[in-house]
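Below is one structure, written out as structure tokens; comments come after it.
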Amino acid sequence: MSTDFDVVVVGAGILGAGTAEALSQAHHSVVILEQLGIAAATSSRSSKLIHGGLRYLETGQFRLVYECLRERSWLLENKPQLVRMVPFYIPVYRHSKRPPWIVRLGLSLYALLSGVKHGISFFQSLPKSDWESLQGLKREGLLAVFRYYDAQTDDAALTRDVVASAIAHGAQIICPGSLVGAEVTEGSVRVDYMADGKLNTLRTHALVNCSGPWVATTNARCIPPLPLPPIDLVAGTHILLPFSLGNRIFYIEASDGRAVFVMPWQDKTLVGTTERPYYGDPRDVAPTAEEESYLLRTVQSYFSQTRGLQGKDIYESFAGLRVLPKVVRSPFSRSRESMICCDNNRKPRILAVAGGKLTSYRATAHKLVKKLQPTLRNKHHALRNPVRPINSSERERNP
């Protein structure tokens, strides 16, 4: 059966962008269906970091950390205009949950997993004579300060760059375009979507659901729907403060033991993130006053120049949603690995990805492409013409 495209990718966040890029680079015809805009949701509301996730070592997620560090290395080499190394500082106090020897052990393992390719993978304990240079960092009870290196990016710009790469390799994008339904038929998937105020239809060999916080909603519109694992939507808030701490990132500990980043962003200081369950419409996620207060109190407990700030002094705040596996234990222990589901292990027609990290978007995309290989290996030649909307009267004549 002739199809309009080899693959429809639903969602133009970083995972959808990466999947479209990987497929188009492999010479498959791809269209991205995006309801809001490129990087309009989670992929523009992250902590802006390309990193292995030092704290994931505590929960034994070594494979994820190694994968992310490998991807960090690739991004530094291939997208230097968007990804750059920045020094990170970890202050350790008498009241800290993790004593200096635990932090040193974690950094040693992190350095080992990083390798020495960039020459700055190692860490050091900063001598006391250098503590005064740390932008007003609280000295009372300070036991040690560790410095290591990780990377920072503009998450939205990175996503746009990946979409542009996919388009340069032949991918197309329908934006805004909302999935109405998808049904697996013999030899193809029929996809109905709204665009320009009209109901349209196209046929494809496969559909990949990369719709982030909407993954369950999108899945419910597919026939047959996939058996998604139990998942939660978890909101994370950041605040932007109207001052700069220089070109360095601080990795501090909140009162509940959660790791909080204090980092430079657009000549200001970005602080985040929080973690709370979210049950509403993903479009409506927003910071709460409690989250803003929590982050402000956390940064004020470490930096003297922030002590006089109040809620009204917050320059900006934003909230994004993570898709995480449902757990009954501490939310800090949730896996951050991507969860890939498909309708058929031999020749899948519909796939969905939930979770994952900004840093590892390429690795996840390549896993998705590998799962699609049996489906696309013996495909008929796809038509590479632009999408032609099919109206309802045509649908009645050609069901």
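Quick check on the range 343-369: of everything there that is surrounded by fewer than 21 Cβ atoms within 10 Å (Cβ to Cβ) and at pLDDT below 95, which residue is nearest to T42 (Cα to Cα)?
Going through the qualifying residues, I end up with D343.
Residues of the range 252-280 being of a type in the set (S, T, Y) and either over 26 Å from D232 (Cα atoms) or part of a loop (DSSP other than H, G, I, E, B) (or both), which ones?
S255, T269, T273, T274, Y279
Just wondering, is there one or more residues in the range 111-125 that are touching a residue at least 12 places away in the same chain (Cβ under 8 Å), among the aromatic types (F, W, Y) and surrounded by 17 or more Cβ atoms within 10 Å (Cβ to Cβ)? Spell out how you get there, then give the answer.
Going through the range 111-125, the residues touching a residue at least 12 places away in the same chain (Cβ under 8 Å) turn out to be 111, 113-115, 117-118, 120-125.
If we keep only those that are among the aromatic types (F, W, Y) too, we end up with 122-123.
With surrounded by 17 or more Cβ atoms within 10 Å (Cβ to Cβ) added as a condition, the list becomes 123.
Yes, because at least one residue in the range 111-125 is touching a residue at least 12 places away in the same chain (Cβ under 8 Å), among the aromatic types (F, W, Y) and surrounded by 17 or more Cβ atoms within 10 Å (Cβ to Cβ).
Checking R283 against (1) surrounded by 14 or more Cβ atoms within 10 Å (Cβ to Cβ); (2) under 16 Å from G11 (Cβ atoms), which test does it fail?
Against the list (1) surrounded by 14 or more Cβ atoms within 10 Å (Cβ to Cβ); (2) under 16 Å from G11 (Cβ atoms), R283 comes up short only on (1).
Being among the aliphatic types (A, V, I, L, M), surrounded by 15 or more Cβ atoms within 10 Å (Cβ to Cβ) and in contact with a Lys or Arg (Cβ under 8 Å, 6 or more places away or on another chain): is that true of V162 here?
Considered against the rule, which asks whether it is among the aliphatic types (A, V, I, L, M), surrounded by 15 or more Cβ atoms within 10 Å (Cβ to Cβ) and in contact with a Lys or Arg (Cβ under 8 Å, 6 or more places away or on another chain), V162 comes out as no.
Within the group L36, L15, which residue is assigned to a loop (DSSP other than H, G, I, E, B) and in the same structural domain as N219 (by TED's automatic domain parsing)?
It is L36.
Being out of contact with any Phe, Trp or Tyr (no Cβ under 9 Å at 6 or more places or on another chain), under 30 Å from I14 (Cα atoms) and outside the structural domain of L321 (by TED's automatic domain parsing) is the requirement here; does R94 meet it?
So R94 does not fit the description; no.
If we keep just the residues of the range 63-100 that are crowded, with 16+ Cβ neighbours inside 10 Å and basic (K, R), which is nearest to the chain's Cα centre (by Cα)?
So, considering only residues that are crowded, with 16+ Cβ neighbours inside 10 Å and basic (K, R), the one nearest to the chain's Cα centre (by Cα) is R72.
How many of the residues making up the range 310-335 are modelled with pLDDT under 85, among the small types (G, A, S) and in contact with an Asp or Glu (Cβ under 9 Å, 6 or more places away or on another chain)?
1
Quickly run through the range 195-225 and pick out the residues that are more than 23 Å from the chain's Cα centre (by Cα) and of a type in the set (S, T, N, Q).
N200, T201, T204
Given V184, V189, V208, V162, which one is in contact (Cβ under 8 Å) with a residue 40 or more places away in the chain, closer than 22 Å to L372 by Cβ and either in contact with a Gly (Cβ under 7 Å, 6 or more places away or on another chain) or hydroxyl-bearing (S, T, Y) (or both)?
Answer to the selection: V162.
The values are calculated or read from the model by the stated rules, or taken from the named source; none is laboratory data. Source: prediction; values computed, not measured. Don't worry about glycine lacking a Cβ; one is built from the backbone with ideal geometry, like all the others, and counts go over all protein chains shown.
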